[in-house]
Amino acid sequence: MSNNIVEKIMLSHLKEGQYVKGQEIGIRIDQTLTQDATGTMAYLQFEAMGLKEIKTDLSVSYVDHNTVQVGFENSDDHKYLQTVAAKYGVVYSRPGNGICHQVHLERFGKPGTTLLGSDSHTPTGGGIGQVAIGAGGLDVAVAMGGGLFYTAAPKVYLVNLTGELKSWSTAKDVVLKMLELLTVKGNVGVMLEYGGKGVKTLSVPQRAVIANMGAEMGVTCSVFPSDGVTKKFMKAQGREADWTELKADRGAKYDRIIDLDLSSIEPLAACPHSPGLVKKVSELAGLAVDQVCIGSCTNSSYRDMMTASEILKGRKVAPTVSLGVAPGSRQVLQMLARKGALANLLDSGARILESACGFCIGNHFSPKSGGVSLRTSNRNFEARSGTKDAQVYLVSPEVAAVAAVTGKFTDPRKAGIEYPVVKEPAAFLVDDSMFIKPSPELRGTEVFRGPNIGEPPKNDKMPEKLNGAVMIHVGDKITTDHIMPAGARLKYRSNVPAYAKYVFENVDPAFHQRCQESKAAGFHNVIVAGESYGQGSSREHAAMCPMYLGVKAVAAKSFERIHAANLINFGIAPLTFKNGADYDGIKAGDKLTCGDWRAAFAEGRPVMLKNETSGKTIECVCALSGRQRAILTAGGLLNQTTGK
Ligand code: MIC
Ligand code: SF4
């Protein structure tokens with residue numbers, strides 16, 4: 001039997017279920033990662049489930065999203081994470097050590113293994129041949145405790161790469177091209193496998209850029225083979241012993257094959273406000289730029305930073321532009337410093353930012369009102385930068401650096417700058433001193449809980465009948481940034497009652513108040529949405545905080561994978577309209593009832609909603625596995641596991 005790479009990894013980790021496309025299976029997780037913004041809740045839930053120690057081969061807790069430490073809240077979170085990691089046997093990566101995905105790729109990623117992370121860009125690990133999947137914190141907590149991760153056996157698309165990238169065309173442009181081809185919706189249940197002769201022309205960090213932004217297409221993960229290039233990278237990281245070869249068998253089958261000639265790729269940009277709105281940089285040439293940000297988990301490797309610094313060397317940042325550079329890891333930053341590249345960046349007028357998520361999540365560096373910002377990150381959703389009307393474009397480090405100098409969108413091929421060829425180093429600078437590794441002595445650590453550390457919120461059991469009230473009616477492609485803003489609100493991630501005040505803050509600031517009143521009046525709150533509800537981040541707060549506000553159901557035309565799983569984990573029913581047109585027939589304020597609400601889920605029947613306001617009956621489907629039905633009717637996974 002010939003297997004593709006995805007099948008090889010999935011089948012070797014299969015512990016429950018039949019490997020039949022679309023059916024739910026349980027897989028063993030070898031490694032987990034968390035980051036601070038989702039991590040505090042993940043560990044609080046780990047503790048609430050009564051788990052005693054880590055059962056994975058490796059679990060790492062990174063602090064990278066919010067490192068600004070304004071006020072006590074953020075620092076309290078960090079101390080909680082450090083002490084809880086020590087107690088349960090988790091590696092702790094201190095603030096300043098870098099962005100989780102970049103650091104994990106450098107120091108821990110292992111071909112052929114599974115990685116589950118409480119961050120939607122965990123699939124970055126696919127660049128080194130891991131099946132690396134993003135999930136909610138609760139799923140990651142379960143996996144840390146040795147529980148299986150449940151997902152549908154995927155469809156696998158092969159992306160057959162041929163040719164080689166030309167100068168000024170980059171891995172970022174490859175993935176933007178993929179986004180143009182596959183779009184940002186409709187790819188739920190798909191894993192991408194990259195193959196073909198073009199693969200060997202891409203370095204591991206380049207592959208990681210491509211795997212990282214698969215998240216924007218909504219695919220579960222993207223996997224590259226593990227070959228000689230991977231071996232070289234791992235050797236340069238001093239980890240050759242972790243390398244294994246991984247390739248598809250001859251005759252392996254795929255659900256779809258996409259051919260992509262790397263030599264046909266040209267510099268591209270994703271335009272406001274979606275990673276899927278792709279245009280050629282040449283079409284945008286001339287547009288004045290206010291801000292440029294180079295970094296994020298997508299494009300912050302040694303090569304990317306060196307390339308940017310070579311472009312900026314001996315040149316000055318245009319006076320109308322503010323340039324921020326955030327190297328992805330301390331390793332990258334240390335190497336830039338040793339090579340003199342940091343000096344070149346400083347000479348050019350770049351502002352050096354901490355090796356952290358920072359600007360990418362709108363935690364600082366928000367553009368001016370209406371400002372044009374060119375960023376090398378992966379998401380340009382409305383308001384994510386912290387400025388609602390900012391115009392954020394996603395580009396390669398090359399395009400970003402050139403624009404920083406010219407002050408406008410510039411086709412880099414026509415800028416009169418020689419293309420800097422930066423080679424992958426034969427040896428990276430390895431210094432693991434910012435990790436705190438678990439040890440028997442540390443197991444006795446007392447967990448620090450400052451006043452910002454709340455309890456994971458509890459839910460009631462699912463009601464028998466639905467007495468629903470529609471709280472909001474939103475359109476297509478509602479992202480988790482719309483539902484649960486991050487940026488300045490990040491400091492409330494460990495405090496659900498405080499954070500819940502900001503649900504839908506930028507869409508409808510009165511949402512929270514309305515939900516509280518409706519809940520107090522005895523209604524079950526309902527959200528109505530269009531296609532691809534819950535795109536983007538894995539933040540389970542986008543389910544947990546609505547749960548706290550009494551939301552019991554989201555009725556939508558379709559859902560994104562991670563968010564749908566999070567809704568179920570927090571006891572909120574993800575209902576899909578059988579007939580999409582019913583979406584138009586419901587308005588905010590309508591009352592929806594269902595007489596056999598709990599029984600319909602328990603027995604796996606369609607859910608018939610009666611719109612008491614219009615008199616219409618609406619049929620919804622909620623295709624769940626038996627396991628998911630049990631979680632939902634218990635009022636969520638935490639209720640189920642703690643027997644509440
Ligand atoms: C993001 O890029 O949106 C984040 C911030 O990394 C999130 C996680 C979070 O909200 O904490 C993600 O991608 O999952
Ligand atoms: Fe951090 Fe941005 Fe990457 Fe999310 S997308 S992990 S916020 S750098």
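Values computed for the structure shown
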read-out	value
For region 80-159: relative contact order, % (alpha-carbon pairs under 8 angstrom, 6 or more apart)	19
Region 243-334 pair-distance distribution - Cα-Cα, 5 Å bins, rounded %	2, 9, 11, 17, 19, 15, 11, 7, 5, 3, 1, 0
Region 601-620 residues near the modelled Lys591 label - backbone nitrogen below 19 Å, point 7 Å along Cα→Cβ	608-618
Neighbourhood charge, 15 Å Cβ-Cβ cut-off, centred on Lys52 and excluding it, Lys, Arg +1 and Asp, Glu -1	+1
Set Lys313/Lys388; Lys155/Lys461; Lys200/Lys235; Lys79/Lys491; Lys316/Lys339; Lys87/Lys552 screened for pairs whose C-alpha atoms are more than 24 Å apart	Lys313/Lys388; Lys155/Lys461; Lys87/Lys552
Low-density loop cleavage sites - GluC sites (Glu not before Pro) in region 53-141, where at most 16 other Cβ are within 10 Å (DSSP)	Glu53
Rounded to whole Hz, the Karplus (6.51, -1.76, 1.60) HN-Hα couplings of region 122-128, x for glycine and proline	3, x, 3, x, x, x, 10
FRET efficiency estimate (nearest 0.05) - Cβ-Cβ, Gln18 to Lys461, R0 35 angstrom	0.70
Proxy reagent accessibility, fewest Cβ within 10 Å first, across Tyr419, Tyr43, Tyr88, Tyr254	Tyr419, Tyr254, Tyr88, Tyr43
Set of region 463-480 residues, backbone N closer than 19 Å to the point 7 Å along the Cα-Cβ line of Arg605	463-468
Beta bridges per DSSP with both ends in the chain, % antiparallel, nearest 5	30
Pairwise Cα inverse-distance average, inverted: Kirkwood Rh of the chain (Å)	24.7
Using θ = phi - 60° and Karplus 6.51 cos²θ - 1.76 cosθ + 1.60, couplings along region 365-374 (whole Hz; Gly, Pro as x)	6, 5, x, 5, 4, x, x, 9, 10, 9
Spacing of the two label points (7 Å from each Cα toward its C-beta) at Thr320 and Lys79, in nm	4.8
Potential lengthening between Lys280 and Lys235 on full extension [0.36 nm per residue; Cα-Cα distance subtracted]	12.5 nm
Normalised contact order of region 359-477, rounded percent, pairs of Cα under 8 Å and 6 or more residues apart	15
Length added when fully stretched, Lys368-Gln513, from 0.36 nm per residue minus Cα-Cα	49.2 nm
Loop GluC sites (Glu not before Pro), region 579-644 (other Cβ atoms within 10 Å of the site Cβ: 14 or fewer; DSSP)	Glu603, Glu612
C-alpha center-to-center spacing [region 586-644, region 343-411] in angstrom	43
Using alpha-carbon coordinates, inclination of helix 330-339 to the longest axis of the chain, degrees	10
Order of Glu180, Glu418 under a 10 Å beta carbon neighbour criterion, fewest first	Glu418, Glu180
Cross-link reach list, aspartates and glutamates versus Lys21, counting only Cα pairs under 15 Å and skipping chain neighbours closer than eight places	Glu7, Asp255
Mean Cα-pair separation over length for region 300-431, i.e. relative contact order, pairs under 8 Å, 6 or more apart, %	30
Positive-end extreme of charge dipole, region 584-630 - chosen from Gly626, Thr613, Phe601 (charges on Cβ)	Gly626
Cβ-based net charge around Pro420, under 9 Å, with every Lys or Arg adding one and every Asp or Glu removing one	-2
Length added when fully stretched, Lys200-Ala337, from 0.36 nm per residue minus Cα-Cα	46.4 nm
Helix axis angle, 72-88 relative to the chain longest principal axis, alpha carbon, degrees	90
C-alpha long axis of helix 36-48 to longest principal axis of the chain, angle in °	40
Radius 12 Å from Cβ of Ile562, net charge of other residues (Lys, Arg +1; Asp, Glu -1)	-2
Label-point gap, in nm, between Phe435 and Asp57 - each point 7 angstrom along Cα→Cβ	1.3
Set of aspartates and glutamates near Lys414 by C-alpha distance (under 18 Å), chain-local residues within fewer than 8 positions excluded	Asp173, Glu266, Glu283, Glu310, Glu398
Taking Thr40, Thr633, Thr576 and counting other C-beta atoms within 10 Å, the order from fewest to most	Thr576, Thr633, Thr40
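Only the coordinates and a few stated rules stand behind these numbers; no lab work does. Only a predicted model underlies this, so the values are computations on that prediction, with no experimental measurement involved. Positions of Cβ are backbone-derived with ideal geometry, glycine not excepted, and every protein chain shown enters the neighbour counts.
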